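Novice: I'd like to ask some things about the structure below.
Throughout, read-outs are computed from the coordinates displayed, never taken from laboratory work. The structure presented is a predicted model; accordingly, all values stated were derived computationally and were not measured. When we count neighbours, we look across all protein chains shown, and the Cβ atoms used for this are built from the backbone with ideal geometry, even at glycine.
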């Protein structure tokens, strides 16, 4: 029997240390720990796929929490079935001792494990939905207060009008215009349209 551990963090900015420490504490060797540092959005996780290829019947897999297996209720259930039924391995979920397939191999034990798995899978998906909703509500509230998201708007230089005039009279090449304004070509032309519109409004 080989003992493995699997870690997933949802972005490259997230820290995997908490999961790593937990796996080390139960004796998983470093060489048998598989880590994916990317979103579970499409479940295209190279290390998870590599782990699946290595797993053999009666091997043992540790994960920190049930949501490491998938992005939603259906996927968690599916991966659990693949691992326990098709691969024939045991799984231990460290955050939930009831989810330890080494225990209760009889009908009642399997039944209780299935119920716990279904409840926890639902809770994990529901929590992600709630987080997304809270984020959306927070962004909407911030926008209503005038908070701007994304890159800050490039400020137009004070002498933009003179630069535009010199460029229009062919006294300054476009490359120099972009350098002095500190803008990309697309931004310059957008700002130029805004500048001309403002001038027309003032004239009107």
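Novice: With a ≥ b ≥ c taken as the square roots of the eigenvalues of the C-alpha gyration tensor of segment 160-203, please select rounded if a/c is under 1.5 and otherwise prolate if a/b is larger than b/c or oblate if it is not?
Specialist: The shape class here is oblate.
Novice: May I ask you to order 67-80, 181-194, 86-99 by the average number of other C-beta atoms within 10 Å around their residues, highest value first?
Specialist: 67-80, 86-99, 181-194
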